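Student: My questions all concern the structure below.
The values are calculated or read from the model by the stated rules, or taken from the named source; none is laboratory data. What you see is a predicted model, and the numbers here were worked out from it, not measured in a lab. Counting neighbours? That spans all protein chains shown, and the Cβs are built from the backbone with ideal geometry, glycine included. The area values use the complete protein model at the heavy-atom level, side chains included, leaving out ligands, DNA and RNA. Shrake-Rupley method; radii C 1.70, N 1.55, O 1.52, S 1.80 Å.
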Amino acid sequence: SASGAAAGRVNAMIGDALSTVGSPNPGALNILFDARAGQRLSAKAALLHAMAKADMSAAQQKTLAGEIEGRLRVAANGVDIDDDGDDLYGAILESRARTLAMVLRALLATDPKHPHAGRIARRLLALRQPHGAWRTTQEDGWALMALADYRRLQESGADAFEARALLGGQELLTSKFA
């Protein structure tokens, strides 16, 4: 039912919030996992992120990640989502950018070097408005969280280095980057 699907989305978001702050409820997450059929992509992404943060069954995470990946439309330089669902609150809370951000965050939580992460991040950045922000505060918040996770995980292996600017062999500037 529509009300059951909406409750599933809300419960997945609550489960994600609790897992993110370190207070997961594995029993509730297992119930949501078992009842995930028919849920919107955003709810599945919230559930996957919650399960990864709660360090739950790798097999369940792999299954859910596969279902999410099956809803991605992968192109040479980007990724889009296949989420045709629309409901009463779609215009307010659900959006392509918000869902894409939730998918990026979830996939990174299960695989920090996910092969589609770069493409998803580029697509998310391309969805910004000309003034640099996304359409809504929901989109802004989710996109910034996902891109912060992406940046942190992509740069985690980067070594510190020192840059020098020279002119005619004479050093003008030295700066260390950590």
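Student: Want the number for residue 129 to residue 176: 0.36 nm per residue separation, take away the alpha-carbon distance, what's left?
Tutor: 13.5 nm
Student: Over region 106-173, calculate the relative contact order: mean separation of alpha carbon pairs under 8 Å at least 6 apart, over the residue count, as a percent.
Tutor: Once normalised by length, the contact order is 25 percent.
Student: For an R0 of 35 angstrom, estimate the FRET efficiency from the Cβ-Cβ distance between residue 144 and residue 166 and round to the nearest 0.05.
Tutor: So, using R0 = 35 Å, E works out to roughly 0.40.
Student: Cα axis of helix 96-110 to longest principal axis of the chain: angle in degrees, 0 to 90, nearest 10?
Tutor: Here the helix axis deviates by roughly 80 degrees.
Student: If R0 is 30 Å, what FRET efficiency do you get for residue 58 and residue 152 from their C-beta distance, rounded to 0.05?
Tutor: That gives a FRET efficiency of 0.85.
Student: Relative contact order for the chain: what is it in percent, counting Cα pairs under 8 Å that are at least 6 residues apart?
Tutor: Relative CO of the chain lands at 17 percent.
Student: Would you kindly work out the equivalent ellipsoid of the chain from its C-alpha gyration tensor and give its semi-axes, the square roots of five times the eigenvalues, largest first in whole Å?
Tutor: Semi-axes (√(5λ), whole Å): 35, 19, 14.
Student: Quick check on packing: order 17-24, 114-121, 135-142 by the mean number of other C-beta atoms within 10 Å, highest mean leading.
Tutor: Packing proxy ranking, top to bottom: 114-121, 135-142, 17-24.
Student: On to the next question. What whole number of Å gives the distance from the Cα centroid of region 126-148 to the Cα centroid of region 11-30?
Tutor: Answer, in whole Å: 24.
Student: Which lysines does residue 62 reach when only Cα atoms under 20 Å apart count, and residues fewer than 8 places away in its own chain are ignored?
Tutor: Within the straight-line cut-off, residue 62 pairs with 44, 53, 113.
Student: Rg to Rh ratio, region 125-174, alpha-carbon atoms and Kirkwood radius?
Tutor: 1.28
Student: Something else: Under the definition of Cα pairs under 8 Å and six or more residues apart, what whole-number percent is the relative contact order of region 22-81?
Tutor: 29
Student: Leaving ligands, DNA and RNA out of it, rank 176, 44 by accessible area with a 1.4 Å probe, largest first.
Tutor: Ranked from most to least accessible, the order is 176, 44.
Student: From the phi angles alone, apply the Karplus equation (6.51, -1.76, 1.60; θ = phi - 60°) to region 35-42 and give each ³J(HN,Hα) in whole Hz, x where the residue is Gly or Pro.
Tutor: 9, 6, 4, x, 6, 5, 4, 5
Student: Here is a follow-up. Rounded to the nearest 10 Å², what accessible area does residue 102 show when all protein chains are kept and the probe is 1.4 Å?
Tutor: 10
Student: Using a basic spin-label model with each label point 7 Å from the Cα along Cα→Cβ, how many nm lie between residue 10 and residue 31?
Tutor: In this crude label model, residue 10 to residue 31 measures out at 1.4 nm.
Student: For the full complex of protein chains and a 1.4 angstrom probe, list 68, 14 by accessible area with the highest value first.
Tutor: 14, 68
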